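J.: Sharing a structure, written as structure tokens. Questions coming.
The values are calculated or read from the model by the stated rules, or taken from the named source; none is laboratory data. If you're wondering where the values come from, they're calculated on a predicted model, not measured in any experiment. Note: ideal-geometry Cβ built from the backbone for every residue, glycine included; neighbour counts use all protein chains shown. When the accessible area is computed, the model is the full protein with side chains, heavy atoms only, and any ligands, DNA or RNA have been set aside. Shrake-Rupley method; radii C 1.70, N 1.55, O 1.52, S 1.80 Å.
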Amino acid sequence: MSRIGKLPIQIPEGVTVEYRDNVVTVKGPLGELSQKIDPDITVEIKDGIIRVQRPSDQKRHKAMHGLYRSLINNMVVGVSKGFEIQLELVGVGFRAEANGQLLDLYLGYSHNFVIELPPEIKVEAKTERRSNPIVTLRSHDKQLLGHVAAKIRSLRKPEPYKGKGIRYVGEQIRRKAGKAASV
């Protein structure tokens with residue numbers, strides 16, 4: 001049995017889960033999400049608990065068992081609590097400004113980047129004196145949030161010598177020693 005797949009999902013207060021025609025729909029205070037489920041996997045909703053079950057021990061069924069349980073759990077957590085990712089801009093002159101759904105990034109290039117974010121994502125840019133600017137992204141959709149954060153990070157990945165670039169808050173960058181002085 002899959003260690004993740006066999007775990008039951010508790011449905012919190014104020015969240016409704018519906019399973020019809022191989023589509024799971026989750027509605028909550030923060031929004032609504034739906035996910036198509038493979039026809040081989042069965043989803044059972046009973047007494048405020050969701051259980052995901054597989055028909056056999058085939059490798060394909062085992063893989064999908066844990067996957068769909070995780071996706072449904074992320075949907076339930078997302079519509080009830082939401083998710084948050086923080087990005088830190090490390091570099092001299094790096095700035096971030098948020099105007100509604102537009103994120104304006106100054107990353108040391110000759111031009112700035114203006115990114116239009118999907119309506120499901122809320123953005124906030126904070127700059128304090130003597131600290132790096134921090135961009136906070138919030139959403140109920142974990143998949144979309146991670147995708148957008150990765151796209152923003154790809155504009156200027158942290159480099160290993162000085163550590164300049166966009167990194168997740170708390171991320172450890174493997175540093176390299178610079179060129180050794182010749183004698």
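J.: Go through (1) more than 30 Å from Val26 (Cα to Cα); (2) open to solvent by less than 20 Å² (accessible area, probe 1.4 Å) one by one and return the number of the condition Leu87 breaks.
T.: Tallying (1) more than 30 Å from Val26 (Cα to Cα); (2) open to solvent by less than 20 Å² (accessible area, probe 1.4 Å), Leu87 fails exactly one: (1).
J.: Count, please, the residues in region 11-61 that happen to be exposed (fewer than 15 other Cβ atoms within 10 Å of the Cβ), within 24 Å of the chain's Cα centre (by Cα) and closer than 20 Å to Val77 by Cα.
T.: So the count comes out to 11.
J.: Just one of Ser154, Ser139, Ser110 is of a type in the set (Ser, Thr, Tyr) and farther than 29 Å from Leu71 by Cβ; which is it?
T.: Values: Ser154 fails: farther than 29 Å from Leu71 by Cβ; Ser139 fails: farther than 29 Å from Leu71 by Cβ.
That would be Ser110, the only listed residue that is of a type in the set (Ser, Thr, Tyr) and farther than 29 Å from Leu71 by Cβ.
J.: Considering every residue within region 72-83, establish whether at least one is assigned to a strand (DSSP E or B), touching a residue at least 40 places away in the same chain (Cβ under 8 Å) and under 30 Å from Glu116 (Cβ atoms). It would help to see each step written out before you state the result.
T.: Pass one, region 72-83, residues assigned to a strand (DSSP E or B): 83.
Still in the list and also touching a residue at least 40 places away in the same chain (Cβ under 8 Å): 83.
Subset that is under 30 Å from Glu116 (Cβ atoms): 83.
Taking every residue of region 72-83 in turn, at least one turns out to be assigned to a strand (DSSP E or B), touching a residue at least 40 places away in the same chain (Cβ under 8 Å) and under 30 Å from Glu116 (Cβ atoms).
J.: Hey, does region 125-132 have a residue that's surrounded by fewer than 17 Cβ atoms within 10 Å (Cβ to Cβ), farther than 30 Å from Pro29 by Cα, polar (S, T, N, Q) and touching a Phe, Trp or Tyr at 6+ places or on another chain (Cβ under 7 Å)?
T.: Checked against the condition, which is being surrounded by fewer than 17 Cβ atoms within 10 Å (Cβ to Cβ), farther than 30 Å from Pro29 by Cα, polar (S, T, N, Q) and touching a Phe, Trp or Tyr at 6+ places or on another chain (Cβ under 7 Å), region 125-132 yields no hits at all.
J.: Does region 149-168 contain at least one residue that is under 21 Å from Leu30 (Cβ atoms), at pLDDT 95 or above and open to solvent by less than 40 Å² (accessible area, probe 1.4 Å)?
T.: Yes, that holds for at least one residue.
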